[in-house]
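What follows is one structure encoded as structure tokens, with my remarks underneath.
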Amino acid sequence: MNFRAIGRIVLLCLLAAAWLTPAPAAASSIEFQGLSHLQSSGKLDTLFKEGATVSSSSLGADDPLLGQTVYLTDFLAPPSGSANLFAITGANSFQTGDYFDNLNYSATQGLWIGDGALSATFNLTSLAIPQDYQIILTGTLTNFQLDNALYDGFMADLRNASGPVGITLTLSYNQGPQRQTTSNTFADTLSSGNLSNWAQLTGTLNTVAGGGVVPEPGTLLLTFSALAACAGLGRKRLLAFARP
């Protein structure tokens, strides 16, 4: 019996088993919170200059993204410094109950996490004003650029997601203690000629299910070859024990 050959096969079996063992779960979603500034003539500072803070993660308290700053500054349309929602939607005024879909607005490098550790293009696809003090913007993130300085499981999932990464920005009533929402509704503020207002902004990023890295064909071939060798070794040993 060639014990050296058997040792190699056993090693391949262990490597294959380790490769097939599920890796620790990466975060599939994060939430961040900040402030938005609504202005007259349809202008919206999506995230005010301080940015937002990652407040929760599906990975839990161990996610290194918690507390990181999120910026959407490039979502703003220069040189005005604010996104013009009239230009984006084609409307010339807003009212509560409005809904606009099939939008085609992209902000290159529109989202940053951790001072540029991760950046992406923000593609806005719909805008809704379902309540007096609520605006919901939805879209996707593409063209990810990643700095390894803050590389973690969630960022890897974003970069390697097998489908679009969803982003939702919800503006709602801000009770303060500073920059409180006024009595003017969000639609009235945007449609006015001289009003401004503040809103609490909550953002959510979601990766698609199974958005991890896809194994290369060579890795798959090695793994299944090892499994086949394991199966063959097991069969030979059973036959050996079965002989009289």
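The values are calculated or read from the model by the stated rules, or taken from the named source; none is laboratory data. These numbers were taken from a predicted model, which means no experiment stands behind them. Neighbour counts are summed over all protein chains in view; Cβ atoms, including those assigned to glycine, are modelled from backbone coordinates with ideal geometry.
Examine the stretch 7-16 for a residue that is modelled with pLDDT under 60, more than 21 Å from the chain's Cα centre (by Cα), surrounded by fewer than 19 Cβ atoms within 10 Å (Cβ to Cβ) and of a type in the set (Gly, Ala, Ser), and state whether such a residue exists.
Within the stretch 7-16, one or more residues are modelled with pLDDT under 60, more than 21 Å from the chain's Cα centre (by Cα), surrounded by fewer than 19 Cβ atoms within 10 Å (Cβ to Cβ) and of a type in the set (Gly, Ala, Ser).
Name the single residue that is modelled with the lowest pLDDT among those in the stretch 95-119 being part of a loop (DSSP other than H, G, I, E, B) and hydrophobic (A, V, I, L, M, F, W, C). So that I can check it myself, show each step before the final result.
In the first step, residues of the stretch 95-119 are kept if they are part of a loop (DSSP other than H, G, I, E, B); the result is 95-98, 101-104, 114-117.
Right, trim to hydrophobic (A, V, I, L, M, F, W, C) and you get 103, 117.
Values: LEU103: 93, ALA117: 63.
For the stretch 95-119, the residue satisfying everything is ALA117.
Which condition breaks for LEU65 when tested against (1) closer than 30 Å to ASN84 by Cα; (2) crowded, with 21+ Cβ neighbours inside 10 Å?
(1)
Of the conditions (1) buried (at least 19 other Cβ atoms within 10 Å of the Cβ); (2) modelled with pLDDT of 75 or more; (3) closer than 20 Å to ILE135 by Cα, LEU59 clears all except one; give me its number.
(3)
Within the set of pairs 6 or more residues apart or between chains, which connect a residue that is touching a residue at least 60 places away in the same chain (Cβ under 8 Å) inside the stretch 128-147 to a residue that is among the aromatic types (Phe, Trp, Tyr) with Cβ atoms less than 9 Å apart?
TYR133/TYR173; TYR133/PHE186; ILE135/PHE94; ILE135/PHE186; LEU141/PHE122
Would you mind telling me which numbered condition in (1) surrounded by fewer than 22 Cβ atoms within 10 Å (Cβ to Cβ); (2) at pLDDT below 95; (3) not aromatic (Phe, Trp, Tyr) PRO130 fails?
(2)
Take the stretch 55-70 and flag every residue that is in a loop (DSSP other than H, G, I, E, B) and touching a residue at least 40 places away in the same chain (Cβ under 8 Å). Can you show your working first?
Going residue by residue through the stretch 55-70, those that are in a loop (DSSP other than H, G, I, E, B) are 58-68.
Hits for the stretch 55-70 are LEU59, ASP63, PRO64, LEU65, GLN68.
If you check every pair at least six apart or on different chains, which have Cβ atoms under 8 Å apart with a residue in the stretch 159-174 that is on the phi < 0 side of the Ramachandran plot first and a residue that is modelled with pLDDT of 90 or more and part of a helix (DSSP H, G or I) second?
Short answer, once both residue conditions are applied: LEU171/PHE186.
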